[in-house]
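S.K.: The structure follows.
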Amino acid sequence: MSKATKRKHVVKEVLLDYVQPTEKQRIVRILGSPGNNLHEVETAEGDRFLASMPTKFRKNIWIKRGDFVIVDPIAEGEKVKAEIAFIIYKDHQRLLQKEGLCNKGAESQNTQSEKSGAEDEEEDDDDDTEDDSDLFVNTNRVYYEDSEEESESEKESDEEEGERVKIWD
């Protein structure tokens, strides 16, 4: 099987299949990635440990901090205590919550994101003016500030002298 075909099947499996955790499997939240295909995870009880990503997911499926995964425990592991079996996306997470299989951490995060989304929509409705303060600012470019408050006498004196005005100190 070629790499492209394998990647296609893995992505299709993750996005379309509906997997329920078995008795041994657990649903955990990703806290971060220290590297080397290891991910620090946290259970609903607050236990933290490392989980490894299997080779079929590497370079095909990407996970980030805050995502939920289903892990299989590794009995002989000291630091790495689990292996990622399945990656849970939002649609799959909603189905697990309806069936009551999803842990409390996943439910609280999902409800918080829904609340913040609703608050953002309310703020957008209230604020009809355009505010560009939250836009990305490129620090590699010189920032020229256009000031409409500059008096006409200053403009005339600058034009007469033919000097350039310094923007920064």
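S.K.: Are there any GluC sites (Glu not before Pro) in region 1-109 that are in a DSSP loop and have at most 16 other Cβ atoms within 10 Å? List them by number.
M.R.: GLU23, GLU45, GLU76, GLU78
S.K.: Is region 1-48 best put as rounded, prolate or oblate by its Cα gyration tensor, with a ≥ b ≥ c the root eigenvalues, rounded for a/c under 1.5, and otherwise prolate when a/b is larger than b/c, oblate when not?
M.R.: Note, shape of region 1-48 comes out oblate.
S.K.: Another question, then. Given a Förster radius of 22 Å and the C-beta distance between THR55 and LYS8 as r, what FRET efficiency does 1/(1 + (r/R0)^6) yield to the nearest 0.05?
M.R.: 0.85
S.K.: With a Förster radius of 41 Å, plug the Cβ-Cβ distance of GLU40 and GLU145 into 1/(1 + (r/R0)^6) and report the FRET value to the nearest 0.05. Don't jump to the answer; show the numbers that get you there.
M.R.: Details: r = 44 Å, r/R0 = 1.07.
Given R0 = 41 Å and the Cβ-Cβ separation, E is 0.40.
S.K.: Another question about this same structure. Take the cross-link list LYS12/LYS56; LYS3/LYS59; LYS8/LYS64 and give me the ones stretching past 19 Å between alpha-carbons.
M.R.: Beyond 19 Å: LYS8/LYS64.
S.K.: Looking at region 1-81 from every direction and averaging, what is the projected area of its Cα convex hull in nm²?
M.R.: Result: 6.1 nm².
S.K.: Go through HIS9, HIS39 and list them by solvent-accessible area, largest first, probe radius 1.4 Å.
M.R.: Listed by decreasing accessible area, they come as HIS9, HIS39.
S.K.: Let me ask something additional. Got a sec? What order do MET53, MET1 fall in by accessible area at 1.4 Å, biggest, i.e. largest, first?
M.R.: Values: MET53 10, MET1 175 Å².
The residues order as MET1, MET53, largest area first.
S.K.: I need the calculated FRET efficiency for the pair LYS79 and GLN20, taking r as the beta carbon distance and R₀ as 30 Å, to the nearest 0.05.
M.R.: FRET efficiency, LYS79 to GLN20: 0.60.
S.K.: Can you work out the Karplus-derived ³J(HN,Hα) for every residue in region 7-19? Use 6.51 cos²θ - 1.76 cosθ + 1.60 with θ = phi - 60°, whole Hz, and x for glycine or proline.
M.R.: 4, 4, 5, 5, 5, 4, 4, 5, 7, 9, 6, 10, 10
S.K.: Probe radius 1.4 Å, ligands and nucleic acids left out: which of THR5, THR139 has the largest accessible area, and how do the rest follow?
M.R.: On the way: THR5 50, THR139 120 Å².
Putting THR5, THR139 in descending order of accessible area: THR139, THR5.
S.K.: Pick out, in residue order, every one of the trypsin sites (Lys or Arg not before Pro) in region 1-55 that is DSSP loop and has at most 10 other C-beta atoms within 10 Å; say none if there are none.
M.R.: Details: sites: LYS3, LYS6, ARG7, LYS8, LYS12, LYS24, ARG26, ARG29, ARG48; in loops: LYS24.
Passing both the DSSP loop test and the Cβ count: LYS24.
The values are calculated or read from the model by the stated rules, or taken from the named source; none is laboratory data. Because the structure is predicted, anything quoted here is derived from the model rather than measured. Ideal geometry is used to build each Cβ from the backbone, glycine not excepted, and the neighbour counts take in all protein chains shown. Just the protein is used for accessible areas: all its heavy atoms, side chains included, with ligands, DNA and RNA removed. Shrake-Rupley method; radii C 1.70, N 1.55, O 1.52, S 1.80 Å.
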